[in-house]
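Scroll down for the structure; my scribbles are underneath it.
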Amino acid sequence: MNLNELKDRGFKIVTNWQECNKNSIFLFNSIDNKKFIKYRNLAFNKKCRFIICNVKFKNKTNQEIKYFFFENQEDLESISKIFYKFNRLKIIFVTGTNGKTSIAYGANKLFCINGQKSSYIGTLGFYINSKKFNDLNN
C-alpha cells in the first residue's frame, strides 16, 4: 500500500504520537535513534501501523509497521503534497513596533469584504472569516 492509497482510505498524517490511531500515519522528523525507537513504540501501542521517517532508520524497522522513508526536505515536501493542498494558501506576517494589530485585523476584514477567505491570529483573538473563535493571550 502506498501513501496515495492511504490518503484515499482516509488516513491522516500526525506528528504527535498521542494523536496516533489505526487511521493515522505517524511522521517522525528527527534523526535521534533513541527517540525514534521510543516514539515508534508509542505510536504502535496506539494502533498506528504506518510511519514516515528518515532513511537513516531503514535498519531499525520491525515487520508489524509499514515504513515510508525520506532523505531530505524535498522528499518531505513531496509527501506533504499528497495530503495537503498548499497552492492557494497565502500567509501574511506583520512585524514592527507599532500598528501590527490594526494592519493585520484591517487586512483580514478587507479580504473578507472582498470575498476572500481569511483568518486573523493576534492580540484581538482568533478569527476565521470575521467570526471570532477564541480570545488569545498576547
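The values are calculated or read from the model by the stated rules, or taken from the named source; none is laboratory data. Bear in mind the structure is a predicted one, so any value in this text is a computation, not a measurement. Glycine gets a Cβ as well: all are built from the backbone with ideal geometry, and neighbour counts include every protein chain shown. Surface accessibility is based on the protein's heavy atoms, side chains included, excluding ligands, DNA and RNA. Shrake-Rupley method; radii C 1.70, N 1.55, O 1.52, S 1.80 Å.
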Single unsatisfied condition, Val94 versus (1) of a type in the set (A, V, I, L, M); (2) in a loop (DSSP other than H, G, I, E, B); (3) open to solvent by 100 Å² or more (accessible area, probe 1.4 Å): (3)
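Residues that are open to solvent by less than 60 Å² (accessible area, probe 1.4 Å) and among the small types (Gly, Ala, Ser): which strands (runs of 3 or more DSSP E) entirely in the stretch 99-138 hold 1 or more of them? Explain how you work it out, then say what you get.
Values: elements: 119-122, 125-128, 131-134.
Filter on the stretch 99-138 gives 119-122, 125-128.
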When residues of the stretch 62-88 are limited to those that are closer than 17 Å to Met1 by Cα and part of a loop (DSSP other than H, G, I, E, B), the one least open to solvent (accessible area, probe 1.4 Å): Ile65
Filter result (part of a loop (DSSP other than H, G, I, E, B) and surrounded by 12 or more Cβ atoms within 10 Å (Cβ to Cβ)) within the stretch 22-39: Asn23, Phe28, Ser30, Ile31, Asp32
Contacts under 7 angstrom Cβ, first residue in the stretch 25-54 being of a type in the set (Ser, Thr, Tyr), partner open to solvent by 50 Å² or more (accessible area, probe 1.4 Å), 6 or more apart: Tyr39/Trp17
Single condition Asn108 does not satisfy, out of (1) out of contact with any helix residue (DSSP H, G or I) (no Cβ under 7 Å at 6 or more places or on another chain); (2) under 30 Å from Phe28 (Cβ atoms): (2)
